[in-house]
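Here is the structure we will look at, set down as structure tokens.
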Amino acid sequence: MKKLYTIMLMAAMAITFTACEDEFIAESLEGTWSGNMYVSSYYDGRDYYATHTEITFNIDPYRFTKGSGYWVDYYSGAPWDYVANHISWSVDNGNIYVYFREEGTSVVIADYHLSNSRFTGYIADGDYDIHFDLAHISSPNWDNYRYWGYDEWCDDYYYSRQTRSTDSTAVTPATKPVRQFGKKAE
């Protein structure tokens, strides 16, 4: 009986330590990060490479290892200035799972280093591991709930707005670019 109790206690402690570690990772992620994700978008037979990416991680106040946010890839020389997505994210057993709501796709960040100022590592995208390097550029302003000015899913921060051309070949929601990490889309 004593052996069974010891095994159960050790299992409970392992689960507790993992949950605490996941909460610490999620808390460290909170805020906005900017840098190079080596992201490109495939559109109309061409690859366009992002100049930089900004990702905002907001923690769900009721689930400390999950949240929502925004992922914005900025471009130069593409038919659009940026591609933006709402994201849902979670931390589970040290892995960071990011789901792109508008695209319906996911990525896993498993091999990374996270500090107060830097977030570097690799994104698992199919058979590829793509390196990224981000700097922490802002944290939530707890004195102002709407610190980014967005408080609802339906606010004016949708996928990709047309910003350059008004002709018939312009990017529209029906012909949106396809995000890819370091490889050409099929």
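Of note, Val39 satisfies the criterion of being under 23 Å from Val178 (Cβ atoms) and either open to solvent by less than 50 Å² (accessible area, probe 1.4 Å) or out of contact with any strand residue (DSSP E or B) (no Cβ under 7 Å at 6 or more places or on another chain) (or both). Selection of first residues in the range 115-133 that are free of Cβ contacts under 8 Å to residues at least 24 places away in the same chain and of second residues that are of a type in the set (Asp, Glu), restricted to Cβ pairs under 6 Å at least 6 apart or on distinct chains, gives the following pairs, ordered by first then second residue: Thr120/Asp133; Gly121/Asp111; Tyr122/Asp111; Tyr122/Asp129. Residue-level check: of (1) among the aliphatic types (A, V, I, L, M); (2) modelled with pLDDT of 80 or more; (3) loosely packed, with under 12 Cβ neighbours inside 10 Å, Ala174 misses just (2). Restricting attention to the range 34-46, the residues being of a type in the set (Phe, Trp, Tyr) and part of a strand (DSSP E or B) number 2. Screening the range 102-119 for residues that are closer than 18 Å to Asp22 by Cα and not in a strand (DSSP E or B) and picking the one that is least open to solvent (accessible area, probe 1.4 Å) gives Ser115.
Residue-wise test of (1) more than 20 Å from Ser115 (Cβ to Cβ); (2) in a loop (DSSP other than H, G, I, E, B); (3) more than 11 Å from the chain's Cα centre (by Cα).
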site: Ser28; (1), (2), (3): no, no, yes
site: Thr32; (1), (2), (3): no, no, no
site: Tyr48; (1), (2), (3): yes, no, yes
site: Thr53; (1), (2), (3): no, no, no
site: Thr65; (1), (2), (3): no, no, yes
site: Ser68; (1), (2), (3): yes, no, no
site: Trp71; (1), (2), (3): yes, no, no
site: Trp80; (1), (2), (3): yes, yes, yes
site: Val98; (1), (2), (3): no, no, no
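Taking the listed residues Tyr99, Tyr122, the one that is surrounded by 14 or more Cβ atoms within 10 Å (Cβ to Cβ), among the hydroxyl-bearing types (Ser, Thr, Tyr), at pLDDT 90 or above and under 17 Å from Val178 (Cα atoms) is Tyr99, with no other qualifying. Cβ separations smaller than 7 Å between residues 6+ apart or across chains give the following pairs from the range 57-86 residues that are farther than 18 Å from Ser28 by Cβ and open to solvent by less than 40 Å² (accessible area, probe 1.4 Å) to residues that are in a loop (DSSP other than H, G, I, E, B) and small (Gly, Ala, Ser): Trp80/Ser160; Tyr82/Ser160; Val83/Ser160; Ala84/Ser160.
The values are calculated or read from the model by the stated rules, or taken from the named source; none is laboratory data. Not measured: the values here are computed from a predicted model. With ideal geometry, Cβ positions are generated from the backbone for all residues, glycine too; neighbour counts draw on all protein chains shown. Remember, those area values only see protein heavy atoms, side chains included, never the ligands or the DNA or RNA. Shrake-Rupley method; radii C 1.70, N 1.55, O 1.52, S 1.80 Å.
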